[in-house]
Structures are given as C-alpha cells and as structure tokens.
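Remarks on the structure that follows.
No lab work stands behind these numbers, since they all come straight from the coordinates. Source: prediction; values computed, not measured. Positions of Cβ are backbone-derived with ideal geometry, glycine not excepted, and every protein chain shown enters the neighbour counts.
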C-alpha cells in the first residue's frame with residue numbers, strides 16, 4: 001500500500017505543497033484540489049498566516065500556490 005508521503009512525492013516537481021498549520025511563505029492565492037471530482041478550494045492568505053484544513057480532508061489537506069491575483 002502506498003502511503004501519503006509517497007503519493008505527494010510524485011507531485012513535488014510541480015512546486016511545494018503546504019500542510020494545515022504551516023505558515024504561508026508569501027501573500028497570495030492558494031488552491032487545494034482535494035484529489036476528488038469536487039471543485040477546488042481557493043483561499044487568500046497574507047504572508048505568515050496559517051493554512052487551514054479543508055472540511056472532510058483534515059490533516060490530508062495540501063495547499064499549493066497559484067498565480068491567480070484574485
């Protein structure tokens with residue numbers, strides 16, 4: 001069985017991903033694709049703010065930066 005870290009390692013070359021509780025390295029829009037057919041979740045954080053958990057994913061939430069300037 002593949003563990004979560006092995007799955008995440010496949011996507012690391014697309015850029016860093018952030019876990020809930022980590023602090024945003026820069027201000028901007030972040031996205032969580034959730035790995036499902038559901039629409040992605042987008043948040044806007046200022047530098048130093050903590051990443052939240054997505055309801056239903058909990059600790060498995062992973063955020064990545066976008067170039068969206070919403």
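Please work out the Kirkwood hydrodynamic radius for the stretch 4-65, using every pair of different C-alpha atoms, and report it in angstroms with one decimal place.
Radius from the Kirkwood sum: 11.9 Å.
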Problem set entry | Fewest-first sequence of 29, 61 by Cβ atoms within 10 Å of each Cβ | 29, 61
For this session: Can you put 57, 45, 4 in order of Cβ neighbours within 10 angstrom, beginning with the fewest?
Result: 4, 57, 45
